[in-house]
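Working notes for the structure below.
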Amino acid sequence: MAALLQLFLVFNILLLLFGSSSLMIVVGNNETDRFALLELKKQIYDDPYGALSSWNDSIHFCNWVGITCGNRHRQRIISLDLQGKGLGGNISPSIGNLTFLRSLDIGNNSFHGKIPQEIGNLIRLQSIAFQNNTLKGEIPTSLANCTRLREIWFSRNNLFGKIPIELFTSLSKLEVISINYNGLTGEIPSSLGNISSIQAFSLTGNELQGSIPESFGKLTNLLYLSLGLNYLSGMFPLSLYNLSSLEIISITQNQLHGGLPHDIGLTLPNLKVYSLV
């Protein structure tokens, strides 16, 4: 009780000395995200439209271009949106310090280099969009730590290597996976069939081999499936013909074989596009 009374007295003395508004700044200020952004800016060498000119000490970082801070945690960034700003550079590992991020979008720029493993520190992340850059290297396995992820947009980069199986064993809330036009190799992990929340799965324009997993037939919410321009072989899984939710199937320019069921109009009543050739 004495310790509590002492804390109360100290608090009231601070109020008298600084006023309530100043005290909020002293207690609530958090520089972690600001420092992370400044490190990120150091790795961006091309900013033709001056998108990051506001990233300086004259403005609070919550008011910088592309930044949204939370209502509950007012000093923490929940959204970083720099898409389409013409930016060129690398993604600094400091991105992993923005641990309150829910949405990260740097699409339609000229970022290159590898996606840092530190991206796996963003455990609150729900959407990540890196499409239309020139990023290279493998998809970081640490992304599997982001267990709240719902959307992955990595299309039109220079990513290569196998699809990390960890993504489909940990990311149980995924709804969209779009990694078109990269250089991914290997097979499509059958464990994807365990993520029943998937609505759109698109890997067109890679170098994938093997068959389309039969486990895809368990994706009861799947609306869009696009696997064209790969080296897939074998039969198109009959289990997919039981997914009444499917609206679009595109598997053109592979090495698949087999005919269509006679009752496809009954088993896939919502089908609008079916592209095989």
Length-normalised contact order for the range 23-122 - Cα pairs under 8 Å, 6+ apart - percent: 28 percent
Isolated Cys residues of the chain, judged by Cβ distance under 4.7 Å to other cysteines: CYS146
Sites matching chymotrypsin sites (Phe, Trp or Tyr not before Pro) across the range 27-134 that sit in DSSP coil, with at most 14 neighbouring C-beta atoms within 10 Å: TYR49
Listed candidates (1) 56, 39, 33; (2) 82, 49, 28; (3) 62, 45, 41 - label of the one calculated as Cα extents along the principal axes in Å: (2)
Value of relative contact order over the range 17-275, rounded to a whole percent, pairs C-alpha under 8 Å and six or more apart: 10 percent
Separation of the THR68 and SER245 label points, Cα + 7 Å toward Cβ, nm: 2.5 nm
Rounded if a/c under 1.5, otherwise prolate or oblate - the range 211-254, Cα gyration tensor axes: oblate
Highest-MSF residue in the chain out of GLY88, GLY217, GLY258 [GNM, Cα springs under 10 Å]: GLY258
Qualifying trypsin sites (Lys or Arg not before Pro) for the range 138-190 [loop in DSSP, other Cβ within 10 Å: at most 11]: none
Listed pairs LYS218/LYS272; LYS85/LYS272; LYS42/LYS162; LYS41/LYS136; LYS85/LYS218 exceeding 29 Å between Cα atoms: LYS85/LYS272; LYS42/LYS162; LYS85/LYS218
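We did not get these values from a lab; they are worked out from the coordinates using the rules stated. Keep in mind that this is a model prediction, so the values were computed, not measured. Using ideal geometry, Cβ is built from the backbone for each residue, glycine included, and neighbour counts are taken over all protein chains shown.
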